[in-house]
Amino acid sequence: MTKQVFLPDDIPAVGKKILEEAGLEVVVGSGRDHEKMKAEGAEASAVLIGTQKFDADIMDAMPNLKVIARNGVGYDAVDVDAATQRGIYVVNTPKALSGSVAETAVSELLAISKNLYQDSKAIHDDNWNYRKAHPGRDIEGKTVGILGFGRIGQQVAKKLSGFDVKVIAFDPFAKDVPNVELVDRETIFKTADYVMVHLPALPETQHSIGADEFKLMKNDAFLINMARGSILVESDLVSALKSGEIAGAALDVFEEEPLPVTNPLVALENVLLTPHIASNTVETKARMAVDATNDIVRVLSGKSPESAVNKINK
Ligand code: DGY
């Protein structure tokens, strides 16, 4: 019988072609609603997901499932233990997106520094002179602190190399990289003009940046988070932004996504908010689709995947 691959969200054609050429049936669903995914993917041998929750309940609704492919790197929303217990591989696409996420991180750093969003909005609001009371800041000569110096953090340092900034980084597992000073965690918060969060979402990093860290930061420093909303204590960040404890924040990820318009962050002027788009580019979406579908094909043809995050005894 032809094996089914369930795509709750559609993916670039290049990925679907890989599946079809491998003789698999592609089923495109109607989005991320939990119950709909259970019904639409009931026959699936593989599923390719975004950042939606994928728990034991949904795995049990898909009894043929052999592989859960994450269209991206973070797998915090997947119950990996439940998958392993059921003999289901969890795979991701870490190589496809580091450069793209780093580009977005540096773009947001520059945008929040230069007030680009508020200045542009001011023109739409017929308020050319908004700029007078809201000068931007140069990044030249400043210190950028990178928290989490894995693939993405290192790409950020590389992209920043032409900006005449000092780059410091904290990561207990990091090796020396030219032109980057490895420092302790506290030094990042105390000395960086820009604190960039590129940590994985793990129990140890959950809510690990809150009131204490914002107190350590300089009043004219900015926070940029492209990792996961759960790493910050969002209510503490709102307080720090309101009180002027820090100058501003650029955030691509939130505790609750989609970010409700009633979230207090939305009412603040000193924030740049984007809807989890760090890897949402034409090129990266295509690369992620290729990497994820190739691993799906490998698993469904009895081979080992290239990028598994769990170990399955075959
Ligand atoms: C990731 O890869 O985890 C990004 O957050 C986009 O999904």
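Here is how the numbers come out for the structure above:
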quantity: Leading residue by the ranking (farthest from Val195 (Cα to Cα)) among those in segment 116-128 that are surrounded by fewer than 16 Cβ atoms within 10 Å (Cβ to Cβ) and either aliphatic (A, V, I, L, M) or within 16 Å of the ligand (Cβ to nearest atom) (or both); calculated: Ile123
quantity: Options Thr293, Thr284: the member that is more than 22 Å from Phe189 (Cβ to Cβ), part of a helix (DSSP H, G or I) and more than 18 Å from the chain's Cα centre (by Cα); calculated: Thr293
quantity: Failed condition for Glu269, given (1) touching a residue at least 12 places away in the same chain (Cβ under 8 Å); (2) surrounded by 14 or more Cβ atoms within 10 Å (Cβ to Cβ); (3) not in a strand (DSSP E or B); calculated: (2)
quantity: Search result, residues across segment 24-50 that are away from the ligand (no atom under 15 Å from the Cβ) and either of a type in the set (S, T, N, Q) or in contact (Cβ under 8 Å) with a residue 60 or more places away in the chain (or both); calculated: Leu24, Ser30, Ser45, Ala46
quantity: Any hit, segment 278-299, residues being free of Cβ contacts under 8 Å to residues at least 24 places away in the same chain and away from the ligand (no atom under 16 Å from the Cβ); calculated: yes
quantity: Tally, over segment 51-73, of residues that are touching a residue at least 60 places away in the same chain (Cβ under 8 Å), out of contact with any Lys or Arg (no Cβ under 8 Å at 6 or more places or on another chain) and away from the ligand (no atom under 16 Å from the Cβ); calculated: 2
quantity: Which listed residue, of Ser113, Ser107, is within 16 Å of the ligand (Cβ to nearest atom) and either polar (S, T, N, Q) or modelled with pLDDT under 95 (or both); calculated: Ser107
quantity: Strands (runs of 3 or more DSSP E) fully within segment 129-244 counting 3 or more residues that are crowded, with 18+ Cβ neighbours inside 10 Å; calculated: 143-147, 166-170, 194-197, 222-225
quantity: Test: residue in segment 15-23 that is away from the ligand (no atom under 16 Å from the Cβ), of a type in the set (Lys, Arg), more than 18 Å from the chain's Cα centre (by Cα) and surrounded by 14 or more Cβ atoms within 10 Å (Cβ to Cβ); calculated: yes
quantity: Segment 251-266: number of residues that are out of contact with any Asp or Glu (no Cβ under 8 Å at 6 or more places or on another chain), in contact (Cβ under 8 Å) with a residue 24 or more places away in the chain and within 16 Å of the ligand (Cβ to nearest atom); calculated: 4
quantity: Number of the condition not met by Leu48 [criteria: (1) more than 30 Å from Asn270 (Cα to Cα); (2) outside any strand (DSSP E or B)]; calculated: (2)
quantity: Residue in segment 84-95 that is farthest from Gln118 (Cα to Cα), counting only those that are outside any loop (DSSP other than H, G, I, E, B) and more than 9 Å from the ligand (Cβ to nearest atom); calculated: Gln85
quantity: Residues satisfying the stated conditions in segment 1-45, i.e. touching a Ser or Thr at 6+ places or on another chain (Cβ under 6 Å) and in a loop (DSSP other than H, G, I, E, B); calculated: Lys3
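Yes/no per residue for (1) closer than 20 Å to Lys285 by Cβ; (2) β-branched (Val, Ile, Thr):
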site	(1), (2)
Ala13	yes, no
Glu20	yes, no
His34	no, no
Met62	no, no
Ala69	yes, no
Ile88	no, yes
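The values are calculated or read from the model by the stated rules, or taken from the named source; none is laboratory data. Predicted model, so just to flag it, every value in this text is computed and none were measured. Don't worry about glycine lacking a Cβ; one is built from the backbone with ideal geometry, like all the others, and counts go over all protein chains shown.
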